[in-house]
Amino acid sequence: MKKESKYEEKGYNFIINTLKHFKRFFTNIVTDFTVFEEKIRFQKYKLSFGERDDDIYISTFPKSGTTLTQVILYCLTTEGKMNFNHIYDVSPWIRNASFLRQKPKELASPRVIKTHDKYKDFPKKTKGKIIYIHRSGMDVAVSMYNQQKNYNNSELKFDDYIKSFFKSKNWFNHSKEWLKNKNDFDIIYIKYEDLINNKRNEIERIISFLNLKCSETAINRALKYSSFTYMKQHESKFGDQPIEKKEKVYNKFIRKGKEGEGKKQFSKEQRKIFNDLYIDKVKDLEKKIFINE
Ligand code: A3P
């Protein structure tokens, strides 16, 4: 290559790299603005949704049994007619509703509200009580992997997904902060595993925590309509839909509803990484809450 061409090539490289930097810089700014805009939008949503002393929040890390708990609470707090199109009509996920530019719904008290908020994003002075559902992190990972694969990326490999699960540490940090409950919210902690294996007992704990007056009929409705079989049969009332794809996905949301899949699917190395993070962030808090309960 001639000397002049070499200089020319260097010049182009310089321009390309500079443009790349600018692009990254502006993309970050756009992302920051979008996040900020969503925050403000949510504040506005909450202003019109309002707050009530008897609001009931179901707080979870995704794929921990949120929907099943929404159905239980819906049955315990209403006549349990199940005559809604989608569970979000009677038990909204307000952060998502705001994101989707939906209007807040008029709901009778007590309202049953879903949240996946990180602890730090859940406003300190929120009124009402919180039911926190905690599920084995390994099972959550398997459930999330299947959701990602079925809804967003059919090519996704389990090993790749697990790498990102560890890298983000989202489940570990989310659980840690909610189990710690630094702000002293009025919370009852329920394990997904107890909920599916000993549902009546957990329902009774919820009733007593919320001081609800429930008839035996209401309890039986909660047991029946939150069963895996019923929810699977009526999946369109419960399932989320893919955000990016146009085609709807059915029969994939109420999936297996079991405990212990993680232990089977994680390799020895993956179990070791999981356990190290689990011991560091979650184990002691879990012990304190669930052994003394
Ligand atoms: P799996 O994917 O392991 O089957 P969320 O509602 O928080 O998204 O949780 C979804 C998980 O709860 C899925 O777990 C789903 O199958 C399970 N689930 C939903 N309804 C259930 C029910 N009635 N009984 C037991 N598990 C249920």
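Return the total of residues in segment 175-226 being hydrophobic (A, V, I, L, M, F, W, C) and part of a helix (DSSP H, G or I).
Number of matching residues: 13.
Considering only segment 147-182, state which residues are polar (S, T, N, Q) and modelled with pLDDT under 95.
Selection gives 147, 148, 150, 152, 153, 154.
Would you mind stating whether residue 239 is in contact with a Gly (Cβ under 8 Å, 6 or more places away or on another chain) and either within 14 Å of the ligand (Cβ to nearest atom) or not charged (D, E, K, R) (or both)?
It is false that residue 239 is in contact with a Gly (Cβ under 8 Å, 6 or more places away or on another chain) and either within 14 Å of the ligand (Cβ to nearest atom) or not charged (D, E, K, R) (or both).
Contact list please: Cβ distance under 8 Å, first residue in segment 209-238 and closer than 24 Å to residue 109 by Cα, second residue aromatic (Phe, Trp, Tyr) and loosely packed, with under 15 Cβ neighbours inside 10 Å, pairs at least six apart or on different chains.
Within 8 Å, the pairs are 237/84.
Please state which one of 180, 169 is more than 30 Å from residue 127 (Cβ to Cβ) and either touching a residue at least 40 places away in the same chain (Cβ under 8 Å) or crowded, with 18+ Cβ neighbours inside 10 Å (or both).
169
Is at least one residue of segment 246-264 modelled with pLDDT under 95, closer than 15 Å to residue 70 by Cα and among the charged types (D, E, K, R)?
Taking every residue of segment 246-264 in turn, none turns out to be modelled with pLDDT under 95, closer than 15 Å to residue 70 by Cα and among the charged types (D, E, K, R).
Scan segment 61-83 and report the pairs whose first residue is more than 9 Å from the ligand (Cβ to nearest atom) and whose second residue is of a type in the set (D, E, K, R) and part of a helix (DSSP H, G or I), with Cβ atoms within less than 7 Å and a gap of 6+ or a chain change.
Going by the 7 Å Cβ cut-off, the qualifying pairs are 75/221; 80/221.
Among the residues that make up segment 130-143, is at least one of them modelled with pLDDT under 95 and not polar (S, T, N, Q)?
No, segment 130-143 has no match at all.
Out of the residues in segment 99-116 that are over 18 Å from residue 52 (Cβ atoms) and in contact with a Pro (Cβ under 9 Å, 6 or more places away or on another chain), state the one that is surrounded by the most Cβ atoms within 10 Å (Cβ to Cβ).
Step by step, filter segment 99-116, then rank; the result is 116.
Return a yes/no flag: does segment 120-140 have any residue that is within 16 Å of the ligand (Cβ to nearest atom), more than 23 Å from residue 286 (Cα to Cα) and under 17 Å from the mean Cα position of the chain (by Cα).
no
The values are calculated or read from the model by the stated rules, or taken from the named source; none is laboratory data. This is a predicted model, so every value here is computed, not measured. With ideal geometry, Cβ positions are generated from the backbone for all residues, glycine too; neighbour counts draw on all protein chains shown.
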